[in-house]
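Please find one structure pasted underneath; my questions will follow.
The values are calculated or read from the model by the stated rules, or taken from the named source; none is laboratory data. Small disclaimer: the values here were computed from a predicted structure and weren't measured. As a convention, Cβ positions derive from the backbone with ideal geometry for all residues, glycine included, and neighbour counts pool all protein chains shown.
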Amino acid sequence: MEIWFLYLIRCRDGSLYTGITTDVKRRFEEHKGGSRGSKYLRGKAPLELVLKKKVGDKGLALKVEDRVKKFTKIKKELLAAGKIGISEIKRTLC
């Protein structure tokens, strides 16, 4: 079983991009490099990886990602600051 991670990337404009992957380093490089990265992040450099958290399997990671994408900016900032944990998000999914 592959371990999936949730990650947050801060853009130049201060917005936070949410994603999941099994290899955060590779995926972050893809985002910085262009063609395989998210269209949302194009032209928003410099990018900064502000959160990398182990989630579990792909199904759970997709659910957590969906929940976090619906967070307000303030709530995403709390997540990035470590004031909201992944375990709290997982509990709300059950």
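Just the residues that are in contact (Cβ under 8 Å) with a residue 24 or more places away in the chain and either under 16 Å from Cys11 (Cα atoms) or surrounded by fewer than 16 Cβ atoms within 10 Å (Cβ to Cβ) (or both), please, taken from region 68-78.
Within region 68-78, Lys69, Lys73, Lys76, Glu77 qualify.
Let me ask another. State all residues of region 65-91 that are of a type in the set (A, V, I, L, M, F, W, C) and outside any helix (DSSP H, G or I); if no residue qualifies, say none.
Residues satisfying the conditions are Phe71, Ala81, Ile84.
Considering only region 31-48, how many residues are crowded, with 16+ Cβ neighbours inside 10 Å and in contact with a helix residue (DSSP H, G or I) (Cβ under 7 Å, 6 or more places away or on another chain)?
Of the residues in region 31-48, 4 are crowded, with 16+ Cβ neighbours inside 10 Å and in contact with a helix residue (DSSP H, G or I) (Cβ under 7 Å, 6 or more places away or on another chain).
What pairs come out if I take residues in region 10-24 that are surrounded by fewer than 19 Cβ atoms within 10 Å (Cβ to Cβ) and pair them with residues that are among the aliphatic types (A, V, I, L, M) and assigned to a loop (DSSP other than H, G, I, E, B) whose C-beta lies under 7 Å away, six or more apart or interchain?
These pairs meet every condition: Cys11/Leu47; Arg12/Ala45; Thr22/Ile3.
Which pairs turn up if I take residues in region 41-62 that are within 16 Å of Thr21 (Cα to Cα) and small (Gly, Ala, Ser) and look for partners that are at pLDDT 95 or above and not in a loop (DSSP other than H, G, I, E, B) with beta carbon separation below 7 Å, at least 6 apart in sequence or on another chain?
From residues that are within 16 Å of Thr21 (Cα to Cα) and small (Gly, Ala, Ser), the pairs are Gly56/Trp4; Ala61/Trp4; Ala61/Leu6; Ala61/Ile20; Ala61/Val55.
Just to be sure, is Gly19 over 14 Å from the mean Cα position of the chain (by Cα) and closer than 13 Å to Lys76 by Cα?
no
Tally up the residues in region 3-33 that are of a type in the set (A, V, I, L, M, F, W, C) and farther than 18 Å from Gly59 by Cβ, please.
Total meeting the criteria: 6.
Follow-up question, since we're still on this one. Quick check: anything in region 41-59 within 23 Å of Arg91 (Cβ to Cβ), out of contact with any Ser or Thr (no Cβ under 8 Å at 6 or more places or on another chain) and in a loop (DSSP other than H, G, I, E, B)?
Checking region 41-59: at least one residue is within 23 Å of Arg91 (Cβ to Cβ), out of contact with any Ser or Thr (no Cβ under 8 Å at 6 or more places or on another chain) and in a loop (DSSP other than H, G, I, E, B).
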